[in-house]
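> This is the structure, below, for whatever I ask next.
The values are calculated or read from the model by the stated rules, or taken from the named source; none is laboratory data. Keep in mind the model is a prediction, meaning the values are calculated, not measured. Backbone-built Cβ (ideal geometry, glycine too); neighbour counts: all protein chains shown.
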Amino acid sequence: MAGGWARDGAVNEQIEASIEDELRRMQARRVPGGASRSHCAQCEEPISEARQRAVPGVQLCLECQKSRDAQRAPRGGINRRGPKDSQLK
């Protein structure tokens, strides 16, 4: 059921397109072959075997990953729905 000017199923298509975009973005960051590094790409400290098993393709040690996560700015993304006024123009 769509509302306003949207056709039936448009909301689901928008949700699916957003999920596909996010999956493509995540797969682009993946290490080829899914191999984990034995040493951190940032500080060169060894990465524990438990972390390598838990996170296939891991590139950073736990401390470097925590600092990178703390620095990460929220992504804006694309507002696929837009306000209703923009559809009336």
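> What are the pairs, 6+ residues apart or on separate chains, where a residue within segment 55-75 that is closer than 13 Å to residue 36 by Cβ and part of a loop (DSSP other than H, G, I, E, B) has its Cβ under 7 Å from a residue that is modelled with pLDDT of 85 or more and among the small types (Gly, Ala, Ser)?
59/41; 60/41
> Does segment 26-40 include one or more residues that are among the hydrophobic types (A, V, I, L, M, F, W, C), surrounded by 12 or more Cβ atoms within 10 Å (Cβ to Cβ) and modelled with pLDDT of 85 or more?
yes
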